[in-house]
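Structure first, then comments.
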Amino acid sequence: SLPGVAKFDTAFRFGKTEGIIEAGKRQMIPIKFQPKACEQSYKDYFNVCTQHGNLVAAVVECSGKAMENTIEINQQKVSFGQVLMNSKSSRIIEIANPKGTNSARFKIYTSPDSPFQFSIENGILPSNGSKLTIVVTFAPIHPMGYYKIVPILIEYQSPILLELIGTCHSDSGKPPVLNDRYVSNFKRHILRHLALYPFEVLDDYLKRGKLTIDEYGSLIESADSSLIHDSKAIKDEHDYLLPPLSNPLKDNYFYWFSNEDNTRFEYVTLSETCFLFDQCSLDTKNEWQQSLTITNITRGKLTLVWPTP
């Protein structure tokens, strides 16, 4: 018999839990494994004992691992190039469940005020080769460069990061067209502690030989320079700069969407991210106000835009 095993306690099921075995005979008992979550390992132990005094006892160890979801995306980086203000440009991405045996729920983590919008933001992707086509639309309203990393959350799987790049031009504003090379160089500058410097300072350091250009076209400190250690402007950079994405779930997802540190950003700090208007009287003449302070911690000029409802 197999005493003390509740149905909800284990992923293993015995086809038979009690019976009589005649002398000199054998009995085959099927054991079924029904995992409850993808990519999970299971191990359980079961006692096999006799009814009369437990003279014979044995322990059966059962272990197994569930298959993981293998949701894939056809491209993890989408560039929209140059788009005129108040116009739209669209690209197509495709997510697939090529070899999974389980259906997988997915959620694209975006916001209504984002210039990047998706035709489908959530759903279920069936197993065995199913595919889903999603249209990504870029509709900018401010002349500037846009770079956004959108996590696609997948049930029982680490998120997939989708990088979106675009540039908006208008009659009055024509910023440089952002492309993958600029983004890659910027990530290298973060690792090299150069991202807080304005372009004018970097250009001056390059002319003076404190910086050189590597094989990728990125700036790097020259061998005989001690720019990072001697510069007062860089003294508190380690408090703000984070390295580029390596593990999307561990290094970024929890940081972006949690309130563990609600005032820290990479290049801009906010005094508050949550305002509570409590016990305000119904007054049609006055408006209740609170203040938000935005601080640019870089040594250069930043253009900030925040959409409002």
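The criterion of at least 2 residues that are among the β-branched types (V, I, T) and surrounded by fewer than 16 Cβ atoms within 10 Å (Cβ to Cβ) is met by the following strands (runs of 3 or more DSSP E) wholly inside region 116-212: 130-138.
Only a single criterion out of (1) free of Cβ contacts under 8 Å to residues at least 60 places away in the same chain; (2) in a loop (DSSP other than H, G, I, E, B) is not satisfied by R105, namely (2).
Might you check whether a residue that is of a type in the set (A, V, I, L, M, F, W, C) and at pLDDT below 75 occurs anywhere in region 296-306? No, every residue in region 296-306 fails to be of a type in the set (A, V, I, L, M, F, W, C) and at pLDDT below 75.
The values are calculated or read from the model by the stated rules, or taken from the named source; none is laboratory data. Predicted model only: the values in this text are computed from it and were never measured. Glycine also receives a Cβ, built like all others from the backbone with ideal geometry; neighbour counts cover every protein chain displayed.
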